[in-house]
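Presented below is the structure to which this report refers.
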Amino acid sequence: MGSMFAAWRMRLCVPVAAILAAGLLPAGAADAVADFYAGKTLRVLVGFGPGGGYDLYARTLARYLGKSVPGEPTVVVQNVPGAGSLKVVNYLANAAPRDGTVLATFARGIVFEPLLGHTEGTQFDAARLNWIGSISNEVSVCALMAASGIATLTDMQAHPFKIGASGAGADSDIFPIVLRNLFHLPMKLVSGYQGGAEMVLAMRRREIDGRCGWSWTSLKSRDKAMLDAHEIAVTLQIALAKHEDLPDVPLVMDLVGDPQKLAALKLLVSRQQIARPFAAPPEVPAERIAALRHAFDAVMRDPEFLAEAQRLALEVRPVAGAEVQKLFGEIHASPPAVVKIAAELIREVP
């Protein structure tokens, strides 16, 4: 299955300017797309309030997206917070115009919830959304304080330790439970922290020993001093593929031999592949989806966009829309036995 995971790595499409030359969109269709978007407003909806990471990624993308869409529509960002971004996903799936004038970004994990039996309030089928792309995939890690004496997965299996979490459904909660159930870890989960900063403070106070489901990007940008001072040890990567920064840190996908458990783990970890996703409603004309995907890919290579993302400390590791679409098709075709195992892996056992 390693080759399958490798296939999910980003494969960017040709730029919008090359669509016609490459024969990917007939001349009449390209003209029709440009005619449609000319003078239009393209809305990018954010499932959270202003100021957070999803909002920052969306606003940065929006500044460059319009010039790459045929017809150069005006692009505006609107915040539609509610229910951890469930509100905006339900709107996108059911009420948003099906004409290509609305995109949305939302919590990556929320679109996996119905498949795992968490259907309360959900009114969407993630596989039917038109996925435009993700600005980044995500590698999360387990990192523990050096003072805990835990520096490897073997240590995690041998010594009791405490991991901090923010609450049910968050990566910081889901992934430790999965790891504990998979590897029989003597781990105690301490929930209720408001966010990463509180968890790091708790680590320094020795209230907890570490974090699992800690974004490697966040760790590098906000807590690099702890790494440099060797205050923490990174013991495990949680993603579909290793981060180039961490070639010697084990990847969880490489540690599971049972095929059904591995398939279940893939289902759970796949959310990492779409860390900053953007999607359009179902039933949008195919030629407009193609144009939006090409525009998105073009922005991912735009030197001005990349320079701004670097200034803002936004990691850009893009995943093309077609790859995200394929991923959801495969995940939603998971056999019931695999889905059942995945649901059991995220079940908290007293």
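The values are calculated or read from the model by the stated rules, or taken from the named source; none is laboratory data. These numbers come from a predicted model, not from an experiment. No Cβ is skipped: glycine too gets one built from the backbone with ideal geometry, and neighbour counts run over all protein chains shown. Note: accessible area is taken over every heavy atom of the protein model, side chains too, but ligands, DNA and RNA are not part of it. Shrake-Rupley method; radii C 1.70, N 1.55, O 1.52, S 1.80 Å.
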Pair list, Cβ < 8 Å and 6+ apart or interchain, from region 43-71 residues that are in contact (Cβ under 8 Å) with a residue 24 or more places away in the chain to residues that are basic (K, R) and surrounded by fewer than 22 Cβ atoms within 10 Å (Cβ to Cβ): G47/K87; G71/K40
Pairs with Cβ under 9 Å, 6+ apart, first in region 106-117 and touching a residue at least 12 places away in the same chain (Cβ under 8 Å), second part of a loop (DSSP other than H, G, I, E, B) and among the hydrophobic types (A, V, I, L, M, F, W, C): F106/F48; A107/F48; R108/A275; G109/A170; V111/F124; V111/L129; P114/F124; L116/I346
Residue within region 229-250 that is over 26 Å from L201 (Cα atoms), in a helix (DSSP H, G or I) and in contact with a helix residue (DSSP H, G or I) (Cβ under 9 Å, 6 or more places away or on another chain) present: no
Meets criteria (in contact (Cβ under 8 Å) with a residue 24 or more places away in the chain and farther than 30 Å from D31 by Cα) for A322: no
Qualifying strands (runs of 3 or more DSSP E) (wholly inside region 140-201; at least 2 residues being without any contact (Cβ under 8 Å) to a residue 40 or more places away in the chain and open to solvent by less than 40 Å² (accessible area, probe 1.4 Å)): 187-190
Selection within region 60-104 - within 21 Å of H294 (Cβ to Cβ) and assigned to a helix (DSSP H, G or I): T60, L61, A62, R63, Y64, L65, G66, K67, S68, L92
Scope region 35-59; condition within 18 Å of E287 (Cα to Cα), part of a helix (DSSP H, G or I) and open to solvent by less than 30 Å² (accessible area, probe 1.4 Å); matching residues: Y37
Elements of type helices (runs of 4 or more DSSP H) contained in region 268-350, each with 1 or more residues being within 23 Å of L240 (Cα to Cα): 286-301, 321-332, 336-345
Selection count, region 60-75, where residues are open to solvent by 20 Å² or more (accessible area, probe 1.4 Å) and touching a Gly at 6+ places or on another chain (Cβ under 8 Å): 4
Count of region 235-250 residues which are among the hydrophobic types (A, V, I, L, M, F, W, C), open to solvent by less than 20 Å² (accessible area, probe 1.4 Å) and closer than 13 Å to N137 by Cβ: 3
Neighbours by Cβ (under 8 Å, 6+ apart or cross-chain): first from region 325-350, on the phi > 0 side of the Ramachandran plot; second modelled with pLDDT of 90 or more and of a type outside the set (F, W, Y): none
Candidate set: region 85-105, residues that are open to solvent by 40 Å² or more (accessible area, probe 1.4 Å) and under 27 Å from S166 (Cα atoms); chosen: the one modelled with the highest pLDDT: Y91
